[in-house]
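Here's the structure we're looking at; comments come further down.
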Amino acid sequence: MREMKEHISDCPPTPHHQHQGITINTATVEYDCEPPLRPHVLPRPRRLRQEHDHRRRLDGWRDSRRLRGRRPHAADEGAHLARQANSPTIRERKAHSHRPRARVCVTLRRSRARPHVHLSFSEPPFPSPATLGTMTSITSVELNYLVFRYLQESGFAHSAFALGYEAGINKSPIDGNLVPPGALVTFVQKGLQYLEMEANLSNSDTDLEEDFSFIQPVDLITKDVYQLRQMIKEKRRILQKDKDKDKEIDKEHEGERGRVREKERHEREKEREKDRERTEKDKQQEKQHEEHNERDMVTDQEDRINATHEGNGVSGVKHEGPEPMDISTNSSSQAYQIPSSDTLVLEGHTSEVCACAWSPTGSLLASGSGDSTARIWTISDGSSGSGMRNSLVNVLVLKHVKGRTNEKSKDVTTLDWNGEGTLLATGSYDGQARIWNTNGELRSTLSKHKGPIFSLKWNKKGDYLLTGSCDKTAIVWDVKSEECKQQFEFHKGPTLDVDWRNNVSFATSSTDSMIHVFKIGESHPSRTFSGHQGEVNCVKWDPTGSLLASCSDDISAKIWSLKHDKHVHDFREHSKEIYTIRWSPTGPGTNNPNQQLVLASASFDSTVKLWDVDSGNLLCTLNGHREPVYSVAFSPNGEYLASGSLDRSMHVWSLKESKIVKTYTGNGGIFEVCWNKEGDKIAACFANNTVCVLDFRM
C-alpha cells in the first residue's frame, strides 16, 4: 500500500476575514490517498445505553487489534476469539489498498449563522449512513441531529432537549427512523481508525505483514500524523529489540536442547551396544550348549555300542525317548518386531497427528491433526501389508478452515464416534465442535465456547454431545436441535477432560485440581471431589458407572465413589506425572464378566502400571519404554494392552504373562493408540504426520 501523502491543495491560501465582528477561518486540506474503509468491513455498533459503553466498544476493537498476530494464551483465548469475530483483519485492509486512489477535500468554516463541516471525495465515493443516502458530505444540520441522537441514546435527556430546541431539530428534514443507533460514534470510530491506519502506513508494503501499533485515542486526537509515526517507529524499534533478544535466548535454549539430545543419543547407542553384546553372548551360550549335547549323544552311542558288544548280542537298556527341553525366555528376546508387511502407513496429514479413533461398527478410522483437518480412512477387513494397501477404499478430508490449512487456531484436538458409528464429532482449537457424517459432509457446527476444546464425548444413546474447553466450562449439546442444552461453569481453570457416567450424568476435570459430577437439568454439581494437588489430566468411569478414576500431575491416581466424599484408593507408585488412565473391558457390565477389573495408568516416568481396584494393590509394572508414555488401550477381549510413547515405539503386552509380545517402532513420538472392534488391528498416530495401522494376530 502506498503511503498516504498529506499536502495543501491548489486552493487559495488560508485567509483571515472579518465578518460582522466574527473571525472566519477557512482551510482546505487535500489528501492523495485511498478512500477510508467501507462501513460493511467494520463492526456495526450495538444500541447505546451509557457513555462508557462507547469507550468499551472502542477499547474492545483496539484490544483485538493488539492481540491479533499471536496465538492467544489459554488465559485470554476466549476474549481473543470473541473479538476476532468482529474485528477487521490486516488482509481486509490490504484488499482495500488496491482500490482506486481518491482525493479527499476537508473544508472547515465557522460563522455566526450556521457552522458547516464539508467532506468531499472524488471517485469512488465514501458511503454514509442510511439517512445520508448516497451523499458524500455531512452538513451542520445532519451533524447536529447525530449529536442530538447521541445525547438521547446516552440518557442525557436535558442536554438533548436544549440542543434540539436551539438547533431546531424538530424542523430537520431528516427521517429519524432511518438513522441507525450510535451513528455519531460510528463516524468518530471510523475517523480514529482511519487516522491510525494513516499513521501506521509507510512506503514499504512489508509493514502490512505486521500488526498495527497500538495508539491511545488521546494521542490520535492531540498529535499530528508525523508525531504519531515517530511514536510508532519508536515502539517498533523497541519491539524489534525484544524480538532479537528473544531470538538470542531461543538460540541458547536450542544449544542446550542440542546438547541434551546428543547426550541422549550417546546413551541410546550405549544401550544398543549392550543389547548387541547380550545377544552375542546368548548366541555363544546356545552354540556351546548344542556342542555339549552333541558330545553327550556321541558318548551315549559309544556306551550303547560297548554295552551291546559286552552283552554278546543281548540288547542293552531300552530308552523311552528324549527328555523335555527347557526353554529360556526373557522379555527382550521374546519381543516380536512387527514386520513391515503387517503395517500400513497412512500419509496425507501435514502436521502432527494427535488423535485417532476406530468406528465402533465398521472399518473406518478417524484421525485429527494440527493441520486443521480430520481424515476418515477406509481400511479393508483383510490382513495388513501389500494386500491391505491395495484395498484402501477411500480417504475423506474434513477441512476445519476454508482455503489453506495449517492454521494453528483450527488444530483438531480431539474426536469421537457416536455409538452407531454414523457420526464423527471433532473438537478444535478455535472453540467449535463439528459433527460430520461418514461421507465427510459437515452436518452441524456447534459454537458457544470461548476457548479451545480439549475433550469431547458422545453419550451412549447418541442424543447428547459433551465438550470441555479452555474457557473453564463444559457444554452439553442437543445433537438433534444443534443447540446448547446446558452450560456448566464451575471450574476455576481450563476443563481438561470429560466423561459420561450414563446418558444424563458426567464428570469433568480441570487444571484447578477439582473434579465435578454433573447431571443434566441441575444447576449445581451433584458431587465435587477434591484431593488432587495438581492438574487433573484425565477422568474415566468404570464399566458400571459406580467408580471414577482420575490421574494428575501430582504423581497420583485416585479412585472415587459417589458414596464417599473422599477417595477410595490413592495410587502413588509412579515417580512422575500421570498423563492418562484406562479401565479394562472386563468384570461386571462388560463382555468379559468373568475376568478381573483392572485399571492401567501411563506416566511420564516411562512406565505403565496395572492396579487391582478391589484391593487397591499394584498388580505389576510394565517397564519397556524409554520416554513418557502418552497413551494406553486395552484389547476388546481384555487380554492385551497397547502402549504408545515418545520413544517412537508401541508395545503390545500380554496381561497374563506381563511381557511384550509384539512391538513396532516408527519415525516419531506416539500420541495415541487404539484397537478396532475385532481386536485384530491397532492404530497409532505419530508426531511425524502419519498414522500407522498394525496387524495383530497371535
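Some notes on this structure:
- None of 606, 584, 601 is surrounded by 17 or more Cβ atoms within 10 Å (Cβ to Cβ), in contact with a Pro (Cβ under 8 Å, 6 or more places away or on another chain) and either of a type outside the set (D, E, K, R) or in contact (Cβ under 8 Å) with a residue 24 or more places away in the chain (or both) except 606.
- Hits in region 467-524 (condition: more than 17 Å from residue 431 (Cα to Cα) and of a type in the set (Ser, Thr, Tyr)): 481, 505, 508, 509, 511, 513, 523
- Boolean, residue 630 is at pLDDT 95 or above, of a type in the set (Ser, Thr, Tyr) and more than 15 Å from residue 606 (Cα to Cα): no
- Region 208-231, subset crowded, with 18+ Cβ neighbours inside 10 Å and not aliphatic (A, V, I, L, M), residue modelled with the highest pLDDT: 229
- Some residue of region 674-684 being at pLDDT below 95, surrounded by fewer than 17 Cβ atoms within 10 Å (Cβ to Cβ), within 30 Å of the chain's Cα centre (by Cα) and not in a loop (DSSP other than H, G, I, E, B): no
- Residue match in region 551-561 (condition: at pLDDT below 95, among the hydrophobic types (A, V, I, L, M, F, W, C) and part of a loop (DSSP other than H, G, I, E, B)): no
- Identity of the residue in region 186-207, surrounded by 11 or more Cβ atoms within 10 Å (Cβ to Cβ) and part of a loop (DSSP other than H, G, I, E, B), that ends up modelled with the lowest pLDDT: 202
- Any hit, region 576-588, residues being more than 24 Å from residue 659 (Cα to Cα) and in a loop (DSSP other than H, G, I, E, B): yes
- Residues in region 499-531 that are farther than 14 Å from residue 474 by Cβ and under 22 Å from the mean Cα position of the chain (by Cα): 1 in all.
- When 554, 478 are checked against the criterion of being surrounded by fewer than 22 Cβ atoms within 10 Å (Cβ to Cβ) and in contact with a His (Cβ under 7 Å, 6 or more places away or on another chain), a single residue qualifies: 554.
- Criterion: surrounded by 21 or more Cβ atoms within 10 Å (Cβ to Cβ) and either at pLDDT 95 or above or part of a strand (DSSP E or B) (or both) - qualifying residue of 485, 457, 472: 472
- Unmet requirement for residue 613, which otherwise passes all of (1) within 27 Å of the chain's Cα centre (by Cα); (2) over 12 Å from residue 643 (Cα atoms); (3) β-branched (Val, Ile, Thr): (1)
- Of the strands (runs of 3 or more DSSP E) contained entirely in region 626-667, those carrying at least 3 residues that are touching a His at 6+ places or on another chain (Cβ under 9 Å) fall at 640-645, 659-665.
- Matching residues in region 255-281 - criterion: being among the acidic types (Asp, Glu) and modelled with pLDDT of 70 or more: 262, 264, 267, 269, 271, 273, 275, 277, 280
- Being among the polar types (S, T, N, Q), in a strand (DSSP E or B) and surrounded by fewer than 20 Cβ atoms within 10 Å (Cβ to Cβ) is a description that applies to residue 528.
The rows are residues; the columns are (1) within 13 Å of residue 338 (Cβ to Cβ); (2) touching a residue at least 24 places away in the same chain (Cβ under 8 Å); (3) outside the structural domain of residue 603 (by TED's automatic domain parsing).
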position: 633; (1), (2), (3): no, yes, no
position: 636; (1), (2), (3): no, yes, no
position: 650; (1), (2), (3): yes, yes, no
position: 654; (1), (2), (3): no, no, no
position: 676; (1), (2), (3): no, yes, yes
position: 681; (1), (2), (3): yes, yes, yes
position: 696; (1), (2), (3): yes, yes, yes
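Residue-wise test of (1) over 20 Å from the mean Cα position of the chain (by Cα); (2) within 25 Å of residue 554 (Cβ to Cβ).
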| site | (1), (2) |
| --- | --- |
| 433 | no, no |
| 437 | yes, no |
| 454 | no, yes |
| 458 | no, no |
| 462 | yes, no |
| 470 | no, yes |
| 477 | no, no |
| 483 | yes, no |
| 497 | no, yes |
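The values are calculated or read from the model by the stated rules, or taken from the named source; none is laboratory data. It should be emphasised that the depicted structure is a prediction, and the values quoted were computed from it without experimental measurement. When we count neighbours, we look across all protein chains shown, and the Cβ atoms used for this are built from the backbone with ideal geometry, even at glycine.
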